[in-house]
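Here the structure is laid out as structure tokens; the discussion comes afterwards.
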Amino acid sequence: MKPMKQILHTATAALSAGLLLATAGGCTPAGHTATLSDEALLDTVERRTFEYFWSGAEPTSGLARERYHVDGNYPQDDRDVVTTGGSGFGVMALVAGIERGYITREEGLKRFERIVGWLEQADRFHGAFPHWWEGPTGRVKPFGTKDNGGDLVETAFLMQGLLAVHQYYVNGTEEERALAARIDRLWREVEWNWYQNGQNVLYWHWSPEYAWEMDFPVRGYNECLIMYVLAAASPTYPISPEVYHEGWAEKGAIVAPHEAEGHKLRMRYQGCEAGPLFWAHYSFLGLDPRGLKDRYADYFEEMRNYTLINRDYCVRNPKGYEGYGPECWGLTASYSTAGYAGHAPSEENDLGVIAPTAALSSIVYTPEESMRVMRHLYEVLGPKVWGPYGFYDAFSESADWYPARYLAIDQGPIAVMIENYRSGLLWRLFMSHPDVQRGLERLGFTVDTTEQKPACNE
């Protein structure tokens, strides 16, 4: 296990200092006296977070900048770095924005044409995208010394989003169908099975300079389930089911029933009882967990319990941090008082830092509990944690630490999961793709539709 890559996603880019910050277009600011309805609050948070990916995008590519610091305190040469995974989350947020009327369908199409045109020219490695690009050029920006080639996990996050965009446009106008066809070519060109490195497992990285020296086979459970699903779904470079069952699931060793905070889990979580909450989010922005099962887990039940463990640990608050409780919980990878950290529900990995994305992106699993946090953040903490693109990345009441900073990989799941909770939109789009359906079937997944409780407005 290499926790700096598997648990953490370091952020290093930002908006230019002269960027005009967008507002939420009529939304009541935090610190108001009137109480918003749940629906109005959900729309306020979704719309403001959407702006990170719309008005805050890197201008050449139209994709997501890795980070934005309101105070402008970031390295000059990192301001135009584009994030692959965060952009995958962002394009899903853009689709939601079109449907919500935040932008017009025509504006959305123009943005997606810019994005796809840029991706067609940007650096790829056996069809896979790198972790970061330089926005103005499309050239790879190394994530680390030897991490300067293809990143299959980040590619999966981006492709999850692009396949949802494909389904949004595939039966549209002539221009929309043409865009869908271009997305399909990008999808078909990813050489998923190349990243097996000749073995029955997928490797995270390959570099034209360092080949397989990163040496990171991806085995469960973490945020990478979507990578194996898409690799099996590929119509051109698919993996066999054995790669999933022998690699990801480690010939069944992924199953390790245990209990934490009074909740049962079936899977092994990288040597801990339960890890950071983004493990319950990234793969399930498009992959609908409701009724989704295979031989290893019932994924909605597993992820709901996983979320409740995180919540109940914070409520129990064994380290006595100020602010923790039913209205304020959620530990995940985020900015921290001690640098970027993979916060998780254990005393070793709990630094007293709450990240809004943790509880808010869990709204599909814990709607009442997550709404309680959302309302507390907006109405009580207010301007301390709320800014031009929604809630800031992380804060600590114990340390009186409220940095006005954003990360794309944390903002994206907030907008997408709120939309999935409100309408199920991104789930429906992604799950409707014929290749996705075939990939799930190949790996032995089933979907019990009787367990698919409707989204709140679905």
Give the order of H258, H245 when sorted by the count of other beta carbons within 10 angstrom, beginning with the fewest. H258, H245
I'm spelling it out carefully: the read-out is Rg/Rh (Cα atoms, Kirkwood Rh), the candidates are (1) 1.09; (2) 0.93; (3) 0.99, and one was derived from this structure. Which label? (2)
Counting sequence-distant residues (5 or more places) and residues on other chains, those with an amide H built under 5 Å from that of V81 are A14, E66, G135
Highest to lowest packing among 383-391, 280-288, scored as the average C-beta count within 10 Å: 280-288, 383-391
So for each of 83-94, 371-382, 177-188 I average, over its residues, the number of other beta carbons within 10 Å; can you give me the resulting order with the highest mean first? 83-94, 371-382, 177-188
Leaving out same-chain residues fewer than 8 places away, which aspartates and glutamates sit with a Cα under 12 Å from that of K293? E301, E302, E441, D448, E451
Residues meeting the amide H criterion for E191 (H placed from the backbone, H to H distance under 5 Å, 5 or more places apart or on another chain) are G127, A128
Determine ³J(HN,Hα), in whole Hz, for all residues of the stretch 265-270 in sequence, where each value follows from phi through the Karplus function 6.51 cos²θ - 1.76 cosθ + 1.60 and θ = phi - 60°; x replaces Gly and Pro. 10, 9, 9, 8, 10, 6
Normalised contact order of the stretch 220-262, rounded percent, pairs of Cα under 8 Å and 6 or more residues apart: 36 percent
Per-residue ellipticity at 222 nm for the chain, helices alone: DSSP H runs ≥ 4 residues times -39500 (n - 2.57), over residue total, nearest 500 deg cm²/dmol? -11000 deg cm²/dmol
Using the Karplus curve 6.51 cos²θ - 1.76 cosθ + 1.60 with θ = phi - 60°, what ³J(HN,Hα) values do you get for each residue of the stretch 97-113, in whole Hz, with x for Gly and Pro? x, 5, 5, 7, x, 5, 9, 7, 4, 5, 4, x, 4, 4, 5, 5, 5
Quick check on the stretch 47-162: take the gyration tensor over C-alpha atoms, sort the square-rooted eigenvalues as a ≥ b ≥ c, and tell me if it's rounded (a/c under 1.5), prolate or oblate. oblate
What the Cα atoms of the stretch 332-409 span along the principal axes, largest first and in whole Å, is 28, 27, 24
Grab the other residues whose beta carbon is less than 14 angstrom from that of A394, score K and R as +1, D and E as -1, and report the net. -2
Positive-end residue, the stretch 36-118 charge dipole about Cα centroid, Cβ charges, pick of G90, V70, V116: V116
Mean separation of Cα contacts under 8 Å (6+ apart) over length of the stretch 370-414, as relative contact order %: 25 percent
Proxy reagent accessibility, fewest Cβ within 10 Å first, across Y406, Y421: Y421, Y406
Neighbour-count ranking [beta-carbon atoms within 10 angstrom, fewest first] of E154, E322, E174: E174, E322, E154
Which links in K264/K319; K264/K384; K141/K251 stretch past 30 Å when you go from one Cα to the other? K264/K384; K141/K251
Collect residues whose amide H, placed 1.01 Å from N in the peptide plane, falls under 5 Å from the amide H of W386; neighbours closer than 5 in sequence don't count. Y392
Residue-ordered couplings for the stretch 39-47, obtained by feeding phi - 60° into the Karplus form 6.51 cos²θ - 1.76 cosθ + 1.60 and rounding to whole Hz (Gly and Pro as x), are 5, 5, 5, 4, 5, 4, 5, 4, 5
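Coordinate-derived values only; no laboratory data. This is a predicted model, so every value here is computed, not measured. Glycine gets a Cβ as well: all are built from the backbone with ideal geometry, and neighbour counts include every protein chain shown.
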